[in-house]
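Q: One structure is given below, represented as structure tokens, and several questions about it will come after.
The values are calculated or read from the model by the stated rules, or taken from the named source; none is laboratory data. Since the structure is predicted, the reported quantities are computational estimates derived from the model, not experimental observations. Because the Cβ atoms are built from the backbone with ideal geometry, glycine has one as well, and the counts that use them run over all protein chains shown.
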Amino acid sequence: MKKSKWQIFTNGLFKENPVLILLLGCCSVLAISVTVQGALGMGLALTFVLVGSNVVISLLRKVIPDKVRIPCFIVVVATFVTLVEMVVEAYLPDLYDALGIFLALIVVNCIVLGRAEMFASKNGVVDSLLDGLGMGLGYTLVIVGIAVVRELLGSGTLYGFRIIPEGYQIGIITQTPGGFMMFGFAMALLIFCLRKKGKKFDPRIGCDGNCGNCAAGCANAVTDLKTEDGGLTAKEGSES
Amino acid sequence: MSKMNLSVSPHIRSARTTQSIMLDVIIALTPALIASVVLYGFRALLLTQISCGFCVLLEFLYEKLLKRPVTVSDLSAVVTGLLVAFNVPVSMPVWMLLVGDLAAIILAKQLFGGLGCNFMNPALVGRIVMMFSFTTALTTYTGSAGLVDAATSATPLADPASYGFMELLFGLHGGVIGETCAAALLLGGIYLCVRGVIKPIIPLVYIGTTVLLTWAFGGVAPLRSALAGGLLLGAIYMATDYVTSPITDKGKVIFGVFLGLITALIRVFGNYSEGVTFAIILGNILVPYINDLTETRPIGANPPAKKEAGK
């Protein structure tokens, strides 16, 4: 089944949202989603890296030898991350401080590497660009969405502006446990909405589902599709 | 027609219901509630009522919203509300208490499927959420209208040696609403044991281990520190929660020793002066494994087959 260009783009937004459905890149989502400002910066930085690396890897997909493809992907990704890092450090020093190590860690972000491996290395340039854009915006949507709730309840502010008066904050929301709670709620909400719309879930999520011709050997490779509950399987091929 | 009834097990039924058990727990908690009103004034009662009411309301609304059978009448939400309120100081702002109730009923209990499915004690989850969110409010003990004056502010756990046995036994010191009057808590505990609601194994082992290890680790006044802080409240009413404690007697002993170890470690070496909350929550998480390890074998049954590798 060939997907249309629009489908490739919207895939990453909801149906195969990289964070809430594919469960990739959760680490930075939990850590950065404390403030809306930081989350927005992180989301846009990741989107840029993702689009850039997807395009370049797609261009080079016939040149890169299969056996050393991962190091090659990393070199491409690292190039874009260094670019972003320098620009952010030069022009947005506040954001640079807020993101800290997580900006540099985009190099090993599993969304970027995952899309390179699962999509860009097998598809054309335009498709890869759209996929990178969709996935990046999907990530941005989630991290900003979680950050809005966390900043509002935990710090009483929104993008730095005070909404709830001082003294009425629930501190745990900005701490790690709050991050996990909101992550879980966001995941439940998305799945609830998708179920409402009657979308079926394919357990072989994150690829075209053609496990017979796939060399990736992921943990959730499905030889015969028996899961008919329409639910998500707990196991995922990769961890963040 | 034959008069023989054929049925599958269970064949022996008890007249006890969740409701009657929870009612017993509420009765057992009443002396501590009365003591808290005497010690800290009328606001203690008010907070408790609000907490209970809000817990019941939350459970009702959640179950209505999800079109589940409404289980408010089993009184478990009332007990949770009581215990959450017992875990806050009398000066606690009401909205903070409500956040604790919300965490207890929705987060810890209903999201996991309601009574019997929660893997952690709901009241303690409420306490933990409040502890991380409102640390200052939860550890500032100022009495208002009762016997305890506003000057006594620190929990005796910080320095148990400076309090006499009688002071600790009757709770004439700062602390959260329900934990201070040791005598009332013990009275309720004895009532629960006599009524057969709980077995005394977990509280005895837990408190015993804590005292012993506090002494062994070189803590101050081990016997008196057993009466101070939330140890009695936790050991008698929270660690013995059916859902989140082991089934067998052997398991209960292991559970009690583990809780005692963690409590003593945190009290003697940790940054927090109180370790009961963390100990019970950690213990709750281990309960399924303890149950697995201490499964009772029917008489004459073969030893359990080793589980196949890779399963």
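Q: Just name the residue that is surrounded by the fewest Cβ atoms within 10 Å (Cβ to Cβ) out of those in the range A:165-199 that are of a type in the set (S, T, N, Q) and either without any contact (Cβ under 8 Å) to a residue 60 or more places away in the chain or facing chain B (nearest Cβ under 9 Å) (or both). Break it down stepwise before answering.
A: Taking the range A:165-199 first, the residues of a type in the set (S, T, N, Q) are A:169, A:174-176.
Subset that is either without any contact (Cβ under 8 Å) to a residue 60 or more places away in the chain or facing chain B (nearest Cβ under 9 Å) (or both): A:169, A:175.
Values: A:GLN169: 18, A:GLN175: 15.
Of everything passing the filter in the range A:165-199, A:GLN175 is surrounded by the fewest Cβ atoms within 10 Å (Cβ to Cβ).
Q: Looking only at the range B:121-139, filter to residues that are within 14 Å of chain A (Cβ to nearest Cβ) and either part of a loop (DSSP other than H, G, I, E, B) or in contact with an Asp or Glu (Cβ under 7 Å, 6 or more places away or on another chain) (or both); which one of those is nearest to B:LEU82 (Cα to Cα)?
A: Looking only at the range B:121-139, we keep the residues that are within 14 Å of chain A (Cβ to nearest Cβ), and these are B:124-139.
Those left that are additionally either part of a loop (DSSP other than H, G, I, E, B) or in contact with an Asp or Glu (Cβ under 7 Å, 6 or more places away or on another chain) (or both): B:126, B:134.
Values: B:GLY126: 12, B:PHE134: 19 Å.
Ranking the qualifying residues of the range B:121-139, first place goes to B:GLY126.
Q: Which residue pairs have Cβ atoms under 9 Å apart, sit 6 or more places apart or on different chains, and have a first residue in the range A:124-135 that is more than 7 Å from A:ASN54 (Cβ to Cβ) and a second that is crowded, with 18+ Cβ neighbours inside 10 Å and acidic (Asp, Glu)?
A: These pairs meet every condition: A:GLY134/A:GLU16; A:MET135/A:GLU16.
Q: Can you tell me which condition B:GLU295 does not meet? The list is (1) within 18 Å of the chain's Cα centre (by Cα); (2) among the charged types (D, E, K, R); (3) more than 20 Å from B:CYS193 (Cβ to Cβ), and all the others hold.
A: That leaves (1) as the condition not met.
Q: Show the residue pairs that are 6+ apart or on different chains and have beta-carbon atoms under 8 Å apart, the first residue being within the range B:53-70 and in contact (Cβ under 8 Å) with a residue 60 or more places away in the chain, the second being surrounded by 14 or more Cβ atoms within 10 Å (Cβ to Cβ).
A: Pairs found: none.
Q: Of the conditions (1) within 24 Å of the chain's Cα centre (by Cα); (2) at pLDDT below 90, A:GLU166 satisfies every one except a single condition; which number is it?
A: Unmet condition: (1).
Q: Same structure, new question: Please work out which residue is farthest from A:SER128 (Cα to Cα), limiting yourself to the range A:44-101 and to residues that are without any contact (Cβ under 8 Å) to a residue 12 or more places away in the chain and not in a helix (DSSP H, G or I).
A: A:GLY100
Q: Scan A:LEU44, A:LEU50, A:LEU22 and give me the residue that is on the phi < 0 side of the Ramachandran plot, out of contact with any helix residue (DSSP H, G or I) (no Cβ under 6 Å at 6 or more places or on another chain) and buried (at least 24 other Cβ atoms within 10 Å of the Cβ). Spell out how you get there, then give the answer.
A: On the way: A:LEU44 fails: buried (at least 24 other Cβ atoms within 10 Å of the Cβ); A:LEU50 fails: out of contact with any helix residue (DSSP H, G or I) (no Cβ under 6 Å at 6 or more places or on another chain).
A:LEU22 is the lone residue from the list that is on the phi < 0 side of the Ramachandran plot, out of contact with any helix residue (DSSP H, G or I) (no Cβ under 6 Å at 6 or more places or on another chain) and buried (at least 24 other Cβ atoms within 10 Å of the Cβ).
Q: If you don't mind, another one. Under 6 Å between Cβ atoms, which residue pairs at least 6 apart in sequence (or on different chains) link something in the range B:176-193 that is of a type in the set (D, E, K, R) with a partner that is assigned to a helix (DSSP H, G or I)?
A: From residues that are of a type in the set (D, E, K, R), the pairs are B:GLU179/B:LEU233.
Q: Right, here's the next one. Applying the selection to the range B:34-57, what residues are part of a helix (DSSP H, G or I) and surrounded by fewer than 20 Cβ atoms within 10 Å (Cβ to Cβ)?
A: Step one: of the range B:34-57, the residues part of a helix (DSSP H, G or I) are B:34-40, B:42-57.
Result: B:ILE34, B:VAL37, B:VAL38, B:PHE42, B:ARG43, B:LEU45, B:LEU46, B:GLN49, B:ILE50, B:GLY53, B:LEU57.
Q: Of all residues in the range B:90-120 being of a type in the set (Val, Ile, Thr) and assigned to a helix (DSSP H, G or I), which is nearest to the other protein chains (Cβ to nearest Cβ)? Steps first, please.
A: Within the range B:90-120, the first condition is being of a type in the set (Val, Ile, Thr), and the residues that meet it are B:90, B:94, B:99, B:105-106.
After this cut, where a residue has to be assigned to a helix (DSSP H, G or I) as well, the list is B:94, B:99, B:105-106.
Working: B:VAL94: 12, B:VAL99: 6, B:ILE105: 15, B:ILE106: 11 Å.
Across the range B:90-120, the extreme among qualifying residues is B:VAL99.
Q: Within the range B:190-199, can one find any residue that is buried (at least 24 other Cβ atoms within 10 Å of the Cβ) and touching a Pro at 6+ places or on another chain (Cβ under 6 Å)?
A: Within the range B:190-199 (the criterion being buried (at least 24 other Cβ atoms within 10 Å of the Cβ) and touching a Pro at 6+ places or on another chain (Cβ under 6 Å)), the answer is no, since none of the residues qualifies.
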